[in-house]
Amino acid sequence: MMDFELLEKLVAVRGTSGDEISIKEFLIDYITSHQSNWKQQPEIIQGEEFQDAIILVFGQPKTAIFAHIDTIGFMTGYDKNLIKIGGPRIIDGIQLVGSDSQGEIETELLVIEEEDGSSHINYVYDREIDRGTPLSFKPDFRLTDTHVQSPYMDNRLGVWVALQVAKELENGIIVFSTYEEHGGGSVGFLGKYIYEKYNVRQALISDITWVTDGVHHGKGVAISMRDSGIPRRKYLNRIIDIAKTSSVPFQLEVESAGGSDGTMLQKTDLPFDWCFIGAPEDNVHSPDEKVALSDIQSMIDLYQLLMKKL
Amino acid sequence: MMDFELLEKLVAVRGTSGDEISIKEFLIDYITSHQSNWKQQPEIIQGEEFQDAIILVFGQPKTAIFAHIDTIGFMTGYDKNLIKIGGPRIIDGIQLVGSDSQGEIETELLVIEEEDGSSHINYVYDREIDRGTPLSFKPDFRLTDTHVQSPYMDNRLGVWVALQVAKELENGIIVFSTYEEHGGGSVGFLGKYIYEKYNVRQALISDITWVTDGVHHGKGVAISMRDSGIPRRKYLNRIIDIAKTSSVPFQLEVESAGGSDGTMLQKTDLPFDWCFIGAPEDNVHSPDEKVALSDIQSMIDLYQLLMKKL
Amino acid sequence: MMDFELLEKLVAVRGTSGDEISIKEFLIDYITSHQSNWKQQPEIIQGEEFQDAIILVFGQPKTAIFAHIDTIGFMTGYDKNLIKIGGPRIIDGIQLVGSDSQGEIETELLVIEEEDGSSHINYVYDREIDRGTPLSFKPDFRLTDTHVQSPYMDNRLGVWVALQVAKELENGIIVFSTYEEHGGGSVGFLGKYIYEKYNVRQALISDITWVTDGVHHGKGVAISMRDSGIPRRKYLNRIIDIAKTSSVPFQLEVESAGGSDGTMLQKTDLPFDWCFIGAPEDNVHSPDEKVALSDIQSMIDLYQLLMKKL
């Protein structure tokens, strides 16, 4: 029985890149109030030196799961203009929520096409919203017998999977990272900390990928052989070998574009191996991200296995 | 009474990205000959391990000002071709200066339009200049009662502001960084040094920004809520709160593009918080960069305040 | 007498970015079986913490040669699609080799032009190759009295030059790096290791550059004054001064584009100086990369000199 109530709550907590304090506090609350039921009590590492990120250390870790807690969204500019945070899809009429000095805001995205063919995006509201206010997709969580559909499956679902794995985890690290959707910037110091303190340099990226010509709903969790970045073959092969000898359904993904905390780890001054492993979704970066429940189960199962065997 | 003589001198010292040795030496001379009049004597950190950058450490630092000492410009290629250093605006007839093995050079930029619509840039000179010679905008410092206009307000003005703040600074760090205009590369090791040695991870970026639809001449120093990068909200809010409780005029900037030493710090393996704070200018990256004197005063005032209160 | 047999062997060992294990093992075998003939026995640093890279430390090092051991190539996607690794030139009919679970593969690249003007690339093969299989240019080594022509002069020739220099090297470091062709990622941890352990921060990038309007076959090794990145002038001038006082033929290169392990070192949190020094080639990133033998000799000579004098 999957705890989708938690997932729905996670989706509702706002946290665009750079503004992850609320989701961080939600997670700290959840962890401290639930960890007594977990098999192993993790050390919780947080504080200003970790910005709004969290590291959980279980037992004698060899491998770290990275799940980013930030989301895409928008920031208000001048004259009701909107500026993207990360790469949200621009669809006229999308419902957005946020808050500024005058209170809670519920607004709507308007695409304005200019005569020269260019376009820009505004918000529709009866007053000007404070400059620099972050706006998020309005929560809209839809669960059926086979699928879950909601804004921010990317990556509240990756965070939720990490929390499911946490329950039974004996040895390993879970990193809740920030800024993934907008240029990164936290996996450098987070990776440095766990490498220097625990000598951990094996990373699994718990994030959501795309349904494509080669990766389909319901065919299992995707192990990404590459996106814009290329994981080290030797590490990748160990992961695929473990998956093959299991009964967990999985799909091999080969993409030319896209990135993750893995490609960010690659750019650090650290010898991290990394591999992106996640369920695929439709309607990427829109309020309608849709994932098959069976793929979510495969994702949990594969993470549990890999955290033991890698 | 502002010491604009010093600013005029700073503008005249050449120092395109990668070739900052002259401006570095000018600054070391200035600092060592003036610091006796400063409230607090800083430790001066420099040397080959810091390339052409300088770190000044005052008292017990909590926050660091980063001011980049390099400028945009051009480098001579083959056949009188010019290659950009950073992103200078290309305007036919711009006066450029430099020197090579045969002596001082004063030349002019020529835009050549090809029949296929493409264009490239040459220099006009009676001989071929040594390959790889850096060329800078010819100094042309114009001061009125209300504005200063000159090449390289970006960022000799940011450097100059840091030097004004230095006079009264009791606790803090000033970093004179290099390579900012051309891909960065020094804030990584500079940030690492001050983080590891002084545990300083609060950064203020003393640099010059753009006059836009939302940011105007004479309306005060701009606090940037974002450009291509997004500063951490929690840190940004502390800065804005301090500014609000002061009498210093300031403007909130929200841009979709542009970067600084702040966006570079974000990409390091270090948990730096950063915020760009600077006066706005017209005619960005041209020889005619223009800034309002009142905004410069606000910039000094806000830095003095923040270095105490952050 | 140059040992081109070794170069031919190096070219034949597969090793696209991320999959450098075979070329790493080849190099370890070569080094351990030949180092007894070298003037100075290096310390060989390798292991999982160094991924598939190798560091050789000779005597009291001051300068490090970086030679990347990975190559460009392709990876199989879905439906006989090919995805680039690095930036190979796309030429219809290029012969590619690799291996998957069913054995050795020899195939051919097919460019498919769509009616809308777009194009994509496939492989021609009687079965589907395993997803994510790396494919390389088929070895085709052509040696004449004046030139060598082959796939992967970039950078098996740079590796080979480093091995020639190793024979006589008394003090210095040779780094065999990975991932250079596809976004980098190893010079960060490799540079960190040699900087922190040996205080070495002078780098020379042993790699192959382009024949252009300003750099020609047979005119000597190219010292690059810039590509997309700009080496620090002070360091560059020391190198050029040493070259000028020698009898080694060399050419000064000034490019606006391109990058190397040098530009990657620039992005680390380390104060590395770097300079790209390499023979020029025609037919860059194709199976027909062609280099003049005399330029190769100049490259060896200049590296030998610089490793002593820098």
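Some values worked out for this structure:
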| read-out | value |
| --- | --- |
| Accessible area of chain C belonging to carbon and sulfur atoms, whole % at 1.4 Å probe | 45 percent |
| Cα-Cα separations in the protein assembly as shown greater than 44 Å, expressed as whole percent | 34 percent |
| For chain C, built as a Gaussian network whose Cα springs stay under 10 Å, the top-fluctuating residue of C:Gly117, C:Gly59, C:Gly87 | C:Gly117 |
| Label-point separation, B:Asn283 to A:Glu168 (7 Å along Cα→Cβ), nm | 6.9 nm |
| Check: the stretch A:73-137 dipole with +1 on Lys, Arg Cβ and -1 on Asp, Glu Cβ, in debye | 320 debye |
| Difference of contour (0.36 nm per residue) and Cα-Cα distance, C:Ile28 to C:Val124 | 31.1 nm |
| Cross-link reach list, lysines versus C:Lys62, counting only Cα pairs under 18 Å and skipping chain neighbours closer than eight places | C:Lys39, C:Lys167, C:Lys192, C:Lys197, C:Lys234, C:Lys308, C:Lys309 |
| Karplus 3J(HN,Hα) series, Hz, for the stretch C:161-176 with 6.51 cos²θ - 1.76 cosθ + 1.60 (x for Gly, Pro) | 4, 4, 5, 5, 5, 4, 4, 10, 6, 9, 9, x, 10, 10, 10, 9 |
| The stretch A:73-137, relative contact order in percent, only Cα pairs under 8 angstrom and at least six apart counted | 42 percent |
| Charge-dipole axis of the stretch C:73-137 as Lys and Arg at +1 and Asp and Glu at -1 on Cβ define it, positive-most pick from C:Gly93, C:Ser119, C:Phe74 | C:Phe74 |
| Counted charge near B:Ile121, where neighbours are those whose Cβ lies closer than 14 Å (Asp, Glu -1; Lys, Arg +1) | -2 |
| Relative contact order of chain B, defined on C-alpha pairs under 8 angstrom at six or more residues apart (%) | 22 percent |
| Cubic angstrom per residue, convex hull over Cα atoms of the stretch B:73-137 | 82 Å³ |
| Global geometry of the stretch B:172-310, whether rounded, prolate or oblate, following the gyration tensor of its Cα atoms and the 1.5 cut on a/c | oblate |
| Per residue, in Å², the accessible surface of the protein assembly as shown once ligands and nucleic acids are set aside, probe 1.4 Å | 36 Å² |
| Charge dipole magnitude, Cβ of K and R +1, D and E -1 - the protein assembly as shown, Cα centre, debye nearest 20 | 3320 debye |
| Per-residue HN-Hα couplings for the stretch C:29-44 [Karplus 6.51, -1.76, 1.60; θ = phi - 60°; Hz; x = Gly/Pro] | 4, 4, 5, 5, 8, 10, 5, 5, 8, 7, 4, 10, 7, x, 7, 9 |
| Magnitude of the charge dipole, chain B, Cβ model with Lys/Arg +1 and Asp/Glu -1, debye to 20 | 1780 debye |
| Pairwise label distance in nanometres, B:Thr212 with C:Gln41, each label 7 Å out on the Cα-Cβ vector | 6.3 nm |
| Over the stretch A:179-293, relative contact order from alpha-carbon pairs under 8 Å, at least 6 apart, % | 39 percent |
| 17 Å Cα-Cα reach of A:Lys219 towards lysines, excluding residues that sit fewer than 8 places from it in its own chain | A:Lys244, A:Lys290 |
| Which of B:Gln40, B:Ile65, B:Ser22, positive extreme of dipole for the stretch B:1-103 (C-beta unit charges) | B:Ile65 |
| 5 angstrom amide H check on B:Thr71, placed H, neighbours 5+ away | B:Gly15, B:Thr16, B:Ser17 |
| Gaussian network model of chain B, Cα within-10 Å springs - most flexible of B:Gln102, B:Gln46, B:Gln251 | B:Gln102 |
| Using θ = phi - 60° and Karplus 6.51 cos²θ - 1.76 cosθ + 1.60, couplings along the stretch A:114-124 (whole Hz; Gly, Pro as x) | 8, 5, 7, x, 6, 8, 9, 10, 10, 10, 9 |
| Loop-located chymotrypsin sites (Phe, Trp or Tyr not before Pro) in the stretch A:248-278, at most 11 other Cβ atoms within 10 Å (DSSP) | none |
| A:Ile65 long-range amide H proximity, modeled H, under 5 Å | A:Ile173, A:Ile174, A:Val175, A:Leu204 |
| Cα shape, the stretch C:24-70, gyration tensor, a/c 1.5 rule | oblate |
| Cα gyration tensor category, rounded, prolate or oblate, for the stretch B:210-277 with a/c compared to 1.5 | oblate |
| Dimensions (Å) - chain A, Cα atoms, principal axes, largest first | 57, 43, 41 |
| Threshold 40 Å², the stretch B:60-108 residues less accessible with all protein chains present than alone (1.4 Å probe) | B:Met75, B:Tyr78, B:Ile83 |
| GNM result for chain A, Cα springs below 10 Å: residue of A:Leu163, A:Leu270, A:Leu109 fluctuating most strongly | A:Leu270 |
| Amide H partners (placed H, <5 Å) of C:Thr209, local residues excluded | C:Ala279, C:Glu281 |
| Cα centroid separation - the stretch C:188-253 against the stretch A:30-63, whole Å | 47 Å |
| Additional length obtainable on full extension of the chain from B:Glu104 to B:Lys244, 0.36 nm per residue less Cα span | 45.4 nm |
| Where labels lie 7 Å past Cα in the beta-carbon direction, separation of A:Lys84 and A:Glu196 in nm | 3.5 nm |
| For the protein assembly as shown, with +1 on Lys and Arg beta carbons and -1 on Asp and Glu, the positive-most of C:Pro134, B:Ala292, C:Asn237 along the dipole | C:Asn237 |
| The stretch B:276-293 versus the stretch C:76-122: alpha-carbon centroid distance in Å | 50 Å |
| Shielding by other protein chains, C:223-230, mean Cβ within 10 Å | 6 |
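The values are calculated or read from the model by the stated rules, or taken from the named source; none is laboratory data. Remember, it's a predicted structure, so these values are computed and weren't measured experimentally. Ideal geometry is used to build each Cβ from the backbone, glycine not excepted, and the neighbour counts take in all protein chains shown. Ligands, DNA and RNA are excluded from the accessible area calculation, which covers all protein heavy atoms including side chains. Shrake-Rupley method; radii C 1.70, N 1.55, O 1.52, S 1.80 Å.
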